[in-house]
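Encoded as C-alpha coordinates, the structure appears first; notes follow it.
The values are calculated or read from the model by the stated rules, or taken from the named source; none is laboratory data. Source: prediction; values computed, not measured. Note: ideal-geometry Cβ built from the backbone for every residue, glycine included; neighbour counts use all protein chains shown. Surface areas here come from the heavy atoms of the whole protein model, side chains and all, with no ligands, DNA or RNA. Shrake-Rupley method; radii C 1.70, N 1.55, O 1.52, S 1.80 Å.
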Amino acid sequence: MASLNIDPAGQSVTLSTQNGDLRFHAIWLRDNAPDPETRAVGNGQRLIALRDIPADTHIAAADLAGGTLSVTFGPEGKSVSYSVNWLEAHAYDGHDARARGWTSDAIKTWDAGLNDGVPTGDFAALDAGGDALRNWLEQVTRYGFGKVASGPVEDGALFRIVDWFGHVRETNYGRKFEVRTEVNPTNLAFTGLGLQAHTDNPYRDPVPTVQVLYCLESTAAGGENMVVDGFAAALRLRDENEDYFNVLADHCARFEYAGEAGVCLTSRRPMIELAPDGELIGVRFNNRSMAAVTDVPFDKMALYYAAYRRLGEIIDDEAMEVTFRLNPGEAFIVDNTRVLHARKGYAGAGTRWFQGCYADKDGLRSTYDAMLRETTLEAAE
(Lines give C-alpha, C1' and ligand atoms only; values in the text may rest on other atoms or scores of the structure.)
Protein backbone atom coordinates (compact mmCIF):
# COMPACT_ATOMS: atom_id res chain seq x y z
CA MET A 1 0.00 0.00 0.00
CA ALA A 2 1.22 3.50 -0.82
CA SER A 3 1.44 6.17 1.84
CA LEU A 4 1.45 9.95 1.57
CA ASN A 5 3.51 12.80 2.99
CA ILE A 6 3.03 16.49 2.19
CA ASP A 7 5.89 18.98 2.32
CA PRO A 8 5.18 21.51 5.12
CA ALA A 9 5.36 24.37 2.64
CA GLY A 10 3.01 22.56 0.28
CA GLN A 11 5.56 22.64 -2.54
CA SER A 12 5.63 18.88 -3.06
CA VAL A 13 4.11 15.57 -2.07
CA THR A 14 5.87 12.23 -1.48
CA LEU A 15 4.28 8.90 -2.33
CA SER A 16 5.87 5.93 -0.60
CA THR A 17 5.20 2.85 -2.75
CA GLN A 18 6.57 -0.66 -2.98
CA ASN A 19 8.87 0.73 -5.68
CA GLY A 20 10.28 3.41 -3.40
CA ASP A 21 9.58 7.04 -2.55
CA LEU A 22 8.42 9.26 -5.39
CA ARG A 23 8.24 13.04 -5.05
CA PHE A 24 6.08 15.34 -7.16
CA HIS A 25 6.14 19.13 -7.21
CA ALA A 26 2.85 20.99 -6.77
CA ILE A 27 3.33 22.93 -10.01
CA TRP A 28 4.04 19.70 -11.93
CA LEU A 29 0.91 18.06 -10.57
CA ARG A 30 -1.22 21.10 -11.38
CA ASP A 31 0.20 21.36 -14.91
CA ASN A 32 -0.58 17.68 -15.49
CA ALA A 33 -4.05 17.71 -14.01
CA PRO A 34 -6.34 15.38 -16.01
CA ASP A 35 -9.62 17.19 -15.27
CA PRO A 36 -11.79 18.43 -18.18
CA GLU A 37 -11.10 22.09 -17.37
CA THR A 38 -7.38 21.50 -17.85
CA ARG A 39 -7.33 18.94 -20.67
CA ALA A 40 -9.72 18.31 -23.54
CA VAL A 41 -11.74 15.14 -23.22
CA GLY A 42 -10.84 12.77 -26.06
CA ASN A 43 -7.53 14.12 -27.35
CA GLY A 44 -6.02 15.02 -23.97
CA GLN A 45 -4.54 18.33 -25.13
CA ARG A 46 -4.12 21.13 -22.60
CA LEU A 47 -6.81 23.81 -22.58
CA ILE A 48 -4.76 26.24 -20.51
CA ALA A 49 -1.22 27.65 -20.67
CA LEU A 50 1.23 27.73 -17.80
CA ARG A 51 0.52 31.45 -17.41
CA ASP A 52 -3.05 30.50 -16.38
CA ILE A 53 -1.72 28.58 -13.36
CA PRO A 54 -0.83 30.78 -10.36
CA ALA A 55 2.94 31.05 -9.82
CA ASP A 56 2.36 30.46 -6.09
CA THR A 57 0.50 27.18 -6.64
CA HIS A 58 0.86 24.88 -3.65
CA ILE A 59 -0.75 21.79 -2.16
CA ALA A 60 -3.38 22.88 0.33
CA ALA A 61 -4.57 19.34 1.09
CA ALA A 62 -4.06 15.81 -0.20
CA ASP A 63 -5.54 12.39 0.41
CA LEU A 64 -4.67 8.88 -0.75
CA ALA A 65 -7.33 6.20 -1.03
CA GLY A 66 -7.95 3.19 -3.25
CA GLY A 67 -5.10 3.84 -5.64
CA THR A 68 -6.10 7.46 -6.19
CA LEU A 69 -4.32 10.60 -5.03
CA SER A 70 -6.65 13.56 -4.48
CA VAL A 71 -5.04 16.99 -4.29
CA THR A 72 -6.50 20.41 -3.53
CA PHE A 73 -4.40 23.26 -4.90
CA GLY A 74 -4.10 26.70 -3.41
CA PRO A 75 -4.71 29.50 -4.06
CA GLU A 76 -7.21 28.21 -6.67
CA GLY A 77 -9.03 25.88 -4.28
CA LYS A 78 -9.13 23.39 -7.17
CA SER A 79 -9.33 19.65 -6.41
CA VAL A 80 -7.90 17.07 -8.82
CA SER A 81 -7.57 13.27 -8.68
CA TYR A 82 -4.64 11.23 -10.07
CA SER A 83 -4.21 7.51 -10.54
CA VAL A 84 -1.25 6.25 -8.50
CA ASN A 85 -0.42 3.91 -11.40
CA TRP A 86 -0.23 6.91 -13.73
CA LEU A 87 2.00 8.78 -11.29
CA GLU A 88 4.34 5.80 -10.99
CA ALA A 89 4.53 5.51 -14.78
CA HIS A 90 5.40 9.21 -15.08
CA ALA A 91 7.68 9.61 -12.06
CA TYR A 92 10.70 11.86 -12.57
CA ASP A 93 12.22 11.44 -9.11
CA GLY A 94 15.11 9.15 -8.28
CA HIS A 95 16.68 8.88 -11.74
CA ASP A 96 20.13 7.39 -11.30
CA ALA A 97 23.02 8.94 -13.19
CA ARG A 98 23.35 7.08 -16.48
CA ALA A 99 26.39 6.65 -18.67
CA ARG A 100 26.59 8.69 -21.86
CA GLY A 101 25.07 6.61 -24.60
CA TRP A 102 22.30 4.97 -22.58
CA THR A 103 19.36 3.67 -24.60
CA SER A 104 15.67 3.22 -23.95
CA ASP A 105 14.35 -0.09 -22.65
CA ALA A 106 12.29 -0.26 -25.85
CA ILE A 107 15.51 -0.68 -27.86
CA LYS A 108 17.47 -3.90 -28.23
CA THR A 109 20.95 -3.58 -29.70
CA TRP A 110 22.25 -6.47 -31.81
CA ASP A 111 25.10 -7.84 -33.90
CA ALA A 112 25.59 -10.76 -36.30
CA GLY A 113 23.89 -13.03 -33.79
CA LEU A 114 20.57 -11.73 -35.11
CA ASN A 115 21.14 -13.41 -38.50
CA ASP A 116 18.92 -16.29 -37.39
CA GLY A 117 16.16 -14.03 -36.11
CA VAL A 118 15.64 -11.22 -38.60
CA PRO A 119 12.25 -9.59 -37.91
CA THR A 120 10.14 -10.66 -40.89
CA GLY A 121 6.50 -10.23 -41.79
CA ASP A 122 4.33 -11.69 -44.55
CA PHE A 123 3.11 -8.97 -46.92
CA ALA A 124 -0.51 -10.15 -47.06
CA ALA A 125 -0.73 -10.58 -43.27
CA LEU A 126 0.78 -7.16 -42.65
CA ASP A 127 -1.49 -5.62 -45.27
CA ALA A 128 -4.49 -6.94 -43.32
CA GLY A 129 -3.37 -5.13 -40.17
CA GLY A 130 -4.22 -6.47 -36.72
CA ASP A 131 -1.85 -8.49 -34.55
CA ALA A 132 0.54 -9.33 -37.39
CA LEU A 133 1.17 -5.67 -38.18
CA ARG A 134 1.36 -4.64 -34.54
CA ASN A 135 3.90 -7.35 -33.73
CA TRP A 136 6.02 -6.51 -36.79
CA LEU A 137 6.00 -2.80 -35.96
CA GLU A 138 7.07 -3.65 -32.41
CA GLN A 139 10.06 -5.57 -33.75
CA VAL A 140 10.97 -2.79 -36.19
CA THR A 141 10.82 -0.32 -33.30
CA ARG A 142 12.91 -2.58 -31.09
CA TYR A 143 15.59 -3.65 -33.57
CA GLY A 144 15.48 -0.70 -35.96
CA PHE A 145 14.78 -2.75 -39.08
CA GLY A 146 12.58 -5.47 -40.49
CA LYS A 147 11.93 -7.52 -43.64
CA VAL A 148 8.79 -8.09 -45.66
CA ALA A 149 8.31 -11.32 -47.62
CA SER A 150 5.92 -12.63 -50.28
CA GLY A 151 4.88 -9.25 -51.64
CA PRO A 152 3.66 -8.44 -55.15
CA VAL A 153 6.26 -7.88 -57.86
CA GLU A 154 4.87 -4.64 -59.21
CA ASP A 155 5.98 -1.07 -59.70
CA GLY A 156 5.23 1.06 -56.62
CA ALA A 157 4.48 -1.84 -54.26
CA LEU A 158 6.76 -0.22 -51.67
CA PHE A 159 4.18 2.54 -51.20
CA ARG A 160 1.79 -0.01 -49.74
CA ILE A 161 4.36 -0.76 -47.03
CA VAL A 162 4.55 2.92 -46.10
CA ASP A 163 0.74 3.10 -46.07
CA TRP A 164 0.72 0.64 -43.16
CA PHE A 165 2.20 3.24 -40.83
CA GLY A 166 2.62 6.66 -42.39
CA HIS A 167 3.34 8.75 -45.47
CA VAL A 168 6.04 8.91 -48.12
CA ARG A 169 8.56 11.69 -47.65
CA GLU A 170 9.30 13.09 -51.09
CA THR A 171 12.82 14.34 -51.83
CA ASN A 172 14.77 15.59 -54.85
CA TYR A 173 14.94 11.89 -55.83
CA GLY A 174 11.12 11.93 -56.14
CA ARG A 175 8.51 9.92 -54.26
CA LYS A 176 10.56 6.83 -55.11
CA PHE A 177 13.95 6.16 -56.64
CA GLU A 178 15.21 3.34 -58.80
CA VAL A 179 18.31 1.42 -57.70
CA ARG A 180 19.95 -0.31 -60.67
CA THR A 181 23.09 0.06 -62.76
CA GLU A 182 23.26 3.27 -64.75
CA VAL A 183 25.73 4.84 -67.15
CA ASN A 184 27.32 7.99 -65.60
CA PRO A 185 25.28 7.66 -62.41
CA THR A 186 24.55 10.66 -60.18
CA ASN A 187 25.01 8.49 -57.08
CA LEU A 188 27.29 5.51 -56.35
CA ALA A 189 24.23 3.59 -55.16
CA PHE A 190 23.30 3.24 -58.84
CA THR A 191 26.41 1.22 -59.76
CA GLY A 192 27.41 -2.39 -59.15
CA LEU A 193 30.03 -1.38 -56.61
CA GLY A 194 29.82 -2.65 -53.06
CA LEU A 195 28.83 0.03 -50.56
CA GLN A 196 30.11 0.47 -47.01
CA ALA A 197 27.38 0.35 -44.40
CA HIS A 198 25.95 3.83 -44.09
CA THR A 199 22.95 5.88 -43.11
CA ASP A 200 21.14 7.52 -46.02
CA ASN A 201 20.99 11.22 -46.79
CA PRO A 202 23.02 12.52 -43.81
CA TYR A 203 23.26 15.80 -45.71
CA ARG A 204 19.55 16.48 -45.12
CA ASP A 205 18.24 18.36 -42.12
CA PRO A 206 16.12 16.73 -40.89
CA VAL A 207 17.34 13.41 -42.21
CA PRO A 208 14.67 10.97 -43.51
CA THR A 209 14.11 8.69 -40.53
CA VAL A 210 12.75 5.63 -42.36
CA GLN A 211 13.89 4.03 -45.60
CA VAL A 212 12.17 1.24 -47.55
CA LEU A 213 13.95 -0.79 -50.27
CA TYR A 214 11.83 -3.15 -52.39
CA CYS A 215 13.19 -5.80 -54.75
CA LEU A 216 11.60 -6.18 -58.18
CA GLU A 217 14.37 -8.02 -60.07
CA SER A 218 17.46 -9.84 -58.83
CA THR A 219 19.29 -12.24 -61.13
CA ALA A 220 22.78 -10.70 -60.89
CA ALA A 221 25.34 -12.61 -58.81
CA GLY A 222 26.05 -11.00 -55.45
CA GLY A 223 24.41 -7.83 -54.21
CA GLU A 224 23.42 -9.22 -50.81
CA ASN A 225 22.02 -6.62 -48.41
CA MET A 226 23.60 -6.01 -45.03
CA VAL A 227 22.49 -4.05 -42.00
CA VAL A 228 24.52 -2.94 -38.98
CA ASP A 229 23.15 -1.61 -35.70
CA GLY A 230 24.72 1.84 -35.45
CA PHE A 231 23.81 2.03 -31.77
CA ALA A 232 25.64 -1.23 -31.06
CA ALA A 233 28.65 0.05 -33.02
CA ALA A 234 28.69 3.36 -31.11
CA LEU A 235 28.42 1.60 -27.75
CA ARG A 236 31.21 -0.80 -28.70
CA LEU A 237 33.34 2.24 -29.52
CA ARG A 238 32.48 3.79 -26.14
CA ASP A 239 33.40 0.60 -24.29
CA GLU A 240 36.72 0.36 -26.16
CA ASN A 241 37.72 4.01 -25.89
CA GLU A 242 35.53 6.58 -24.17
CA ASP A 243 37.58 9.46 -25.59
CA TYR A 244 36.80 8.24 -29.12
CA PHE A 245 33.08 8.10 -28.33
CA ASN A 246 33.08 11.55 -26.74
CA VAL A 247 34.95 13.32 -29.53
CA LEU A 248 32.50 12.02 -32.15
CA ALA A 249 29.55 12.98 -29.95
CA ASP A 250 30.86 16.40 -28.94
CA HIS A 251 31.80 17.74 -32.38
CA CYS A 252 29.87 18.07 -35.63
CA ALA A 253 30.73 16.39 -38.86
CA ARG A 254 29.65 18.02 -42.12
CA PHE A 255 27.86 16.23 -44.93
CA GLU A 256 27.16 17.41 -48.47
CA TYR A 257 25.46 16.28 -51.66
CA ALA A 258 25.59 18.29 -54.88
CA GLY A 259 25.40 15.51 -57.45
CA GLU A 260 22.74 17.02 -59.69
CA ALA A 261 21.86 20.41 -61.11
CA GLY A 262 20.10 22.77 -58.74
CA VAL A 263 20.80 20.66 -55.64
CA CYS A 264 23.28 21.45 -52.87
CA LEU A 265 22.27 19.75 -49.63
CA THR A 266 24.37 20.29 -46.51
CA SER A 267 24.09 19.47 -42.82
CA ARG A 268 26.17 19.87 -39.70
CA ARG A 269 25.55 17.17 -37.13
CA PRO A 270 27.65 14.82 -34.97
CA MET A 271 28.22 11.25 -36.11
CA ILE A 272 27.01 10.11 -32.69
CA GLU A 273 24.05 12.16 -31.50
CA LEU A 274 23.12 12.33 -27.82
CA ALA A 275 20.22 13.97 -26.01
CA PRO A 276 21.14 16.48 -23.25
CA ASP A 277 20.83 13.70 -20.64
CA GLY A 278 23.20 11.43 -22.58
CA GLU A 279 20.65 9.20 -24.31
CA LEU A 280 21.92 7.81 -27.62
CA ILE A 281 19.38 9.05 -30.17
CA GLY A 282 21.09 8.97 -33.55
CA VAL A 283 24.02 7.91 -35.72
CA ARG A 284 25.03 9.55 -39.02
CA PHE A 285 27.73 7.72 -40.94
CA ASN A 286 28.31 8.01 -44.67
CA ASN A 287 31.85 8.28 -45.97
CA ARG A 288 30.66 9.05 -49.53
CA SER A 289 28.87 12.19 -48.38
CA MET A 290 31.35 13.41 -45.76
CA ALA A 291 32.46 16.99 -46.38
CA ALA A 292 35.54 18.68 -44.92
CA VAL A 293 35.33 18.62 -41.13
CA THR A 294 35.84 22.15 -39.82
CA ASP A 295 34.15 22.09 -36.41
CA VAL A 296 36.81 20.18 -34.49
CA PRO A 297 39.56 22.16 -32.68
CA PHE A 298 43.09 21.72 -33.98
CA ASP A 299 44.24 19.96 -30.80
CA LYS A 300 41.47 17.33 -31.15
CA MET A 301 41.48 16.74 -34.92
CA ALA A 302 43.94 13.83 -34.75
CA LEU A 303 41.82 12.21 -32.03
CA TYR A 304 38.69 12.82 -34.11
CA TYR A 305 40.13 11.06 -37.16
CA ALA A 306 41.38 8.16 -35.06
CA ALA A 307 37.87 7.80 -33.60
CA TYR A 308 36.27 8.11 -37.06
CA ARG A 309 38.59 5.40 -38.40
CA ARG A 310 37.87 3.08 -35.49
CA LEU A 311 34.11 3.53 -35.76
CA GLY A 312 34.40 2.62 -39.45
CA GLU A 313 36.39 -0.49 -38.57
CA ILE A 314 33.74 -1.56 -36.08
CA ILE A 315 30.99 -1.00 -38.65
CA ASP A 316 32.96 -3.06 -41.21
CA ASP A 317 33.45 -5.95 -38.77
CA GLU A 318 31.52 -8.99 -40.02
CA ALA A 319 30.67 -9.77 -36.40
CA MET A 320 28.42 -6.69 -36.45
CA GLU A 321 26.48 -7.35 -39.64
CA VAL A 322 23.28 -9.16 -40.51
CA THR A 323 23.24 -10.28 -44.16
CA PHE A 324 20.36 -11.40 -46.33
CA ARG A 325 19.45 -11.55 -50.00
CA LEU A 326 16.24 -9.95 -51.18
CA ASN A 327 14.34 -11.75 -53.89
CA PRO A 328 11.58 -10.21 -56.05
CA GLY A 329 8.61 -9.29 -53.86
CA GLU A 330 10.75 -8.88 -50.74
CA ALA A 331 11.69 -5.65 -49.01
CA PHE A 332 13.33 -4.28 -45.92
CA ILE A 333 12.78 -1.20 -43.82
CA VAL A 334 15.34 0.57 -41.64
CA ASP A 335 15.35 3.26 -38.98
CA ASN A 336 17.71 5.60 -40.80
CA THR A 337 18.72 7.38 -37.59
CA ARG A 338 20.09 4.14 -36.15
CA VAL A 339 20.61 1.24 -38.57
CA LEU A 340 23.23 1.42 -41.32
CA HIS A 341 22.64 -0.54 -44.50
CA ALA A 342 25.06 -1.79 -47.13
CA ARG A 343 25.28 -3.87 -50.28
CA LYS A 344 27.89 -6.28 -51.49
CA GLY A 345 29.13 -5.77 -55.04
CA TYR A 346 27.30 -7.54 -57.84
CA ALA A 347 28.21 -8.70 -61.33
CA GLY A 348 27.23 -6.92 -64.53
CA ALA A 349 25.48 -10.00 -65.91
CA GLY A 350 21.83 -10.43 -65.05
CA THR A 351 19.46 -7.80 -63.69
CA ARG A 352 19.05 -6.04 -60.37
CA TRP A 353 16.23 -3.59 -59.81
CA PHE A 354 15.18 -2.15 -56.48
CA GLN A 355 12.86 0.72 -55.70
CA GLY A 356 13.36 2.85 -52.61
CA CYS A 357 11.51 5.57 -50.79
CA TYR A 358 11.64 7.47 -47.53
CA ALA A 359 9.16 7.99 -44.72
CA ASP A 360 9.32 9.13 -41.10
CA LYS A 361 9.35 7.05 -37.96
CA ASP A 362 7.05 9.32 -35.98
CA GLY A 363 4.26 7.81 -38.08
CA LEU A 364 5.59 4.30 -37.47
CA ARG A 365 5.79 4.86 -33.72
CA SER A 366 2.38 6.51 -33.67
CA THR A 367 0.75 3.60 -35.47
CA TYR A 368 2.39 1.06 -33.18
CA ASP A 369 1.64 2.99 -29.98
CA ALA A 370 -1.99 3.51 -30.99
CA MET A 371 -2.41 -0.20 -31.76
CA LEU A 372 -0.73 -1.14 -28.48
CA ARG A 373 -2.93 1.25 -26.51
CA GLU A 374 -6.05 -0.15 -28.16
CA THR A 375 -4.98 -3.70 -27.31
CA THR A 376 -4.27 -2.71 -23.70
CA LEU A 377 -7.68 -1.04 -23.34
CA GLU A 378 -9.44 -4.08 -24.81
CA ALA A 379 -7.62 -6.37 -22.38
CA ALA A 380 -8.68 -4.20 -19.44
CA GLU A 381 -12.37 -4.35 -20.36
| Using 0.36 nm per residue, how much length does the chain from Thr14 to Ala292 gain when fully extended, once their Cα-Cα distance is taken away? | 94.8 nm
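Looking at region 6-164, I'd like the Rg to Rh ratio, where Rg is from alpha-carbon atoms and Rh is Kirkwood's inverse mean 1/r.
With Rg and the Kirkwood Rh in hand, the quotient comes to 1.15.
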| query | Once you have the alpha carbon radius of gyration of the chain, what is it after dividing by 2.2 N^0.38 Å, with N set to its residue count? | reply | 1.19
| request: Given a cut-off of 27 Å, name the pairs among Lys176/Lys344; Lys108/Lys147; Lys108/Lys300 whose C-alpha atoms lie farther apart than that in the structure shown. | output: Lys108/Lys300
| query | Of Ala380, His251, Leu64, which is farthest on the positive side of the dipole of the chain, counting Cα position, with +1 on Lys and Arg Cβ, -1 on Asp and Glu Cβ, and the Cα centre as origin? | reply | His251
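Quick one: dipole size for region 219-292, taken about the Cα centre, charges +1 on Lys/Arg Cβ and -1 on Asp/Glu Cβ, in debye to the nearest 20.
The calculated dipole for region 219-292 is roughly 340 debye.
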| remark: In debye to the nearest 20, the charge dipole size for region 33-73, taken about the Cα centre with +1 at each Lys and Arg Cβ and -1 at each Asp and Glu Cβ, equals 180 debye
| message | Need one value: the accessible area of Thr103 in square angstrom, 1.4 angstrom probe, rounded to the nearest 10. | response | 40 Å²
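For Trp28 and Thr120 in one chain, what is 0.36 nm times their gap in residues minus the Cα-Cα distance, to one decimal in nm? Before the final figure, lay out the partial values.
Working: separation 92, 0.36 × 92 = 33.12 nm, distance 4.24 nm.
That pair, Trp28 and Thr120, stretches by 28.9 nm at full extension.
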| query | With every protein chain in place, what's the accessible area of Lys361 (1.4 Å probe, Å², nearest 10)? | reply | 50 Å²
| task | Could you state how much accessible area Arg269 has, in square angstrom rounded to the nearest 10, with a 1.4 Å probe and all protein chains kept in place? | result | 80 Å²
| task | With a point put 7 Å past each Cα toward its Cβ, work out how far Ala302 is from Asn135 in nm, to one decimal. | result | 5.6 nm
| Computed magnitude of the charge dipole of region 286-375 (debye, nearest 20; Cβ of K, R +1, Cβ of D, E -1) | 260 debye
| task | Multiply the residue separation of Arg98 and Leu47 by 0.36 nm, subtract the distance between their alpha-carbon atoms, and state the gained length in nm to one decimal. | result | 14.9 nm
| note | When the charge dipole of the chain is computed with +1 on Lys and Arg Cβ and -1 on Asp and Glu Cβ about the Cα centre, the Cα farthest towards its positive end, among Val212, Gln11, Pro36, belongs to Val212
| request: Springs between alpha-carbon atoms under 10 Å, Gaussian network over the chain: tell me which of Gly67, Gly350, Gly174 tops the mean-square fluctuations. | output: Gly67
| said: Report for the chain the percent antiparallel among DSSP-assigned beta bridges with both residues inside it, nearest 5. | reply: 95 percent
| field | Rough spin-label spacing in nm, given labels placed 7 Å along Cα→Cβ, for Ile281 and Val263 | value | 2.8 nm
| query | Which of these, Trp353, Trp86, Trp164, has the largest mean-square fluctuation under a Gaussian network model of the chain (Cα springs below 10 Å)? | reply | Trp86
| note | At q = 0.08, 0.16 1/Å the base-10 log of I(q)/I(0) from the Debye formula over the alpha-carbon atoms of region 223-381 is -0.33, -1.08
| query | Shape of region 111-267 from its Cα gyration tensor (a ≥ b ≥ c, root eigenvalues): rounded if a/c is under 1.5, otherwise prolate when a/b > b/c, or oblate? | reply | oblate
